[in-house]
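Structure first, commentary second.
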């Protein structure tokens with residue numbers, strides 16, 4: 001994981017060098033809209049290595065000062081396109097299917113620290129927080145359900161590249177606190193596998209978009 005993060009950060013720096021912009025001709029950007037289609041493979045909830053949800057999200061960033069910006073985001077949590085739990089049924093036919101739905105919201109304040117670049121471009125640091133909640137329930141009986149809840153509070157460092165055409169690549173990592181809770185009702189799931197946990201986490205997020 002650490003090697004992957006390092007390689008992506010190095011790649012971002014190399015890409016930024018490969019698309020130089022004359023400082024006098026550089027366009028000033030104030031807004032950026034971003035997403036990451038790969039999040040549909042696995043959202044914020046996993047059971048060991050199995051993605052419980054996929055995430056379909058959009059992020060919006062606005063520069064509020066010369067060296068700072070605010071970013072907010074929202075995402076719909078549905079079945080993962082990698083493993084669609086909504087297509088699974090029990091062997092005995094007692095459950096004809098399940099329905100997965102939820103929402104994730106997040107916010108971040110970015111303080112840009114690159115000397116020759118202004119928000120929303122360059123290296124940045126700042127706090128990041130996200131809250132996600134989903135419901136996985138039987139299509140036959142709404143009382144049989146699992147409701148995972150996840151809270152992330154992080155301190156992050158990242159880099160946002162904006163090309164001459166306005167296309168953006170945003171990568172960040174850091175350190176933070178993660179709280180996971182699984183509210184189970186009307187089912188006989190293994191409660192040990194769905195045990196509430198709080199731990200230290202290493203956030204990692206990549207997004208692509210367009211600045212204007």
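Quick look at the numbers
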item	result
Looking only at segment 143-161, and only at residues there that are over 26 Å from residue 61 (Cα atoms) and part of a strand (DSSP E or B), the one that is nearest to the chain's Cα centre (by Cα)	148
Counted residues, segment 131-179 - those being out of contact with any helix residue (DSSP H, G or I) (no Cβ under 8 Å at 6 or more places or on another chain), in contact (Cβ under 8 Å) with a residue 40 or more places away in the chain and over 24 Å from residue 105 (Cβ atoms)	11
Conditions (1) out of contact with any helix residue (DSSP H, G or I) (no Cβ under 6 Å at 6 or more places or on another chain); (2) part of a strand (DSSP E or B); (3) surrounded by 15 or more Cβ atoms within 10 Å (Cβ to Cβ); (4) at pLDDT 95 or above: number failed by residue 118	(2)
Residues of segment 43-70 satisfying the condition of being out of contact with any helix residue (DSSP H, G or I) (no Cβ under 8 Å at 6 or more places or on another chain) and under 16 Å from residue 101 (Cβ atoms)	43, 44, 45, 51, 53
Residue in segment 33-53 that is farthest from the chain's Cα centre (by Cα), counting only those that are modelled with pLDDT of 95 or more and part of a strand (DSSP E or B)	33
Qualifying positions in segment 64-90 - part of a strand (DSSP E or B), more than 16 Å from the chain's Cα centre (by Cα) and farther than 19 Å from residue 206 by Cα	64, 65, 68
Counted residues, segment 99-113 - those being surrounded by fewer than 15 Cβ atoms within 10 Å (Cβ to Cβ) and either without any contact (Cβ under 8 Å) to a residue 12 or more places away in the chain or over 19 Å from residue 57 (Cα atoms) (or both)	2
Qualifying position, being within 23 Å of residue 78 (Cα to Cα) and in contact with a strand residue (DSSP E or B) (Cβ under 9 Å, 6 or more places away or on another chain), among 156, 200, 206	206
Failed condition for residue 82, given (1) surrounded by fewer than 14 Cβ atoms within 10 Å (Cβ to Cβ); (2) farther than 22 Å from residue 180 by Cβ; (3) at pLDDT below 90	(2)
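For (1) modelled with pLDDT of 95 or more; (2) more than 16 Å from the chain's Cα centre (by Cα); (3) surrounded by 12 or more Cβ atoms within 10 Å (Cβ to Cβ); (4) over 30 Å from residue 116 (Cα atoms), each residue gets a yes or a no:
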position: 163; (1), (2), (3), (4): yes, yes, yes, no
position: 170; (1), (2), (3), (4): yes, no, yes, no
position: 181; (1), (2), (3), (4): no, yes, yes, yes
position: 192; (1), (2), (3), (4): no, yes, no, yes
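The values are calculated or read from the model by the stated rules, or taken from the named source; none is laboratory data. Note that the structure is a prediction, hence the values are computed from the model and not measured. No Cβ is skipped: glycine too gets one built from the backbone with ideal geometry, and neighbour counts run over all protein chains shown.
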